Amino acid sequence: MTRKLPIDERRRRMSRRNLLRMLPTGAGVAAALACQGCGQSIWTLFNSGVIMDKDFVLDVSSTADLHVATVDDGEGGEFRLQEVTTLFRIRSDISGFVAPPVSDDDEFTSFVPPAFEDDGVAVMVYLGDPNSLPYGKEIGLCQLRLEASDLEAVRKAVAKINWRRLPLPTNQDGFHGPYQQLRVASGDLLIEHGFTVFADDFIEAIAPLWDLLHELSFRTAKAPLATIKPILEVTAEEGKSRSFKIRVGLRNSGRHPVVLTDPRVPVEPGRSTEPRPRLSVTVNYNDIELPALPEDAPRTLLLGPHERWELELPWIAPRAGQHEVMMRWYDYDGPIDPVPDQLPFMPLPRKGPSRLGAGPYPIRGSVELDQYVEVEA
């Protein structure tokens, strides 16, 4: 016998599931809680509310779909990337201040103005999911300054949860959705849990924290630091029946430079994007031929803030009526030729100095756009 939830309750739970779609996934369930070293005991932590009284690092990841690449996490481990991957990290000991981009003649400095010394930082790395809003049309690195009140709200939310008595993170609906991993570290305290978006009872039990992370992650996503958006524009050629120009490209929509492989570079055997090309343009699912990369052109693109890379392709409509034009960029391997000062995949490590703003960010992932064109008879 199944228990049917009231409609308002189902909507609220689905809202939380949608949050989880933004963060990395896998398959399986794991849960762990540890209090390391000789610090506070678990009993003291969970019965006196003495928790996270020090600086903390909070991670949420969400992954789904195919495994496409593995990258160094910069801390002796690896990030296993899937087609839909999001990493969200908060550090209370790192300022949210990120200096503007510097010129070639300037030196990167870690100086933080006094007004920002008590704040923290949240970052999000998003690799794309065309079916997930609001992220489907923009990928890369986002960064948000967190004020002291934001950090305190996280501490209080963690303290409200009875971590020792959480329900098992099982899938109430019997479906396998994006897999989430939550990790909180503060001093000797380490909390780790893995669960899918359908673990309703578990998500309800951590609601004080999960709802807050929902808000903070959306605020972070609205603050692009080094991101790209796709470009697709179809225009009719004046005086030429059924003749059009298709303009496709990528635009840096962030505040700092990005680096990526030129989409015209052929995919090498053994690369994770094989057999998909880095850039495809189709009309009614028929491929449009792209120009080859000139022999003397660099294989890597470096785009400053708001700079574009574009191609213009001719197209003659074979008939009157409606036609669907689509472009897709797909590359999870990162720049084929790294550039000087290129940032790591996650430029905010769990320990040590931040690299945010210290160089161009390597873009990975996929974006796509489509447009319907009406051709007159």
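Every number here is computed from the coordinates shown, using simple stated rules; none is lab data. Predicted, not measured: the structure shown is a model, and the values here were computed from it. So basically every Cβ, Gly included, is an ideal-geometry build from the backbone, and we count neighbours across all protein chains shown.
Observations on the model:
- Approximate shape of the range 142-204 as ellipsoid semi-axes (Cα gyration tensor, √5λ), whole Å, largest first: 25, 15, 11
- Loop-located GluC sites (Glu not before Pro) in the range 319-377 (DSSP state other than H, G, I, E, B) with a sparse environment of at most 13 neighbouring Cβ atoms within 10 Å: 376.
- Burial ordering of 54, 222, 229, fewest other beta-carbon atoms within 10 Å first: 222, 54, 229
- Toward the positive end of the charge dipole of the range 226-375, with +1 on the Cβ of Lys and Arg and -1 on the Cβ of Asp and Glu, the farthest Cα among 257, 228, 357 is that of 357.
- Radius of gyration and Dmax over the Cα atoms of the range 236-377, both given in Å: 18.0, 64
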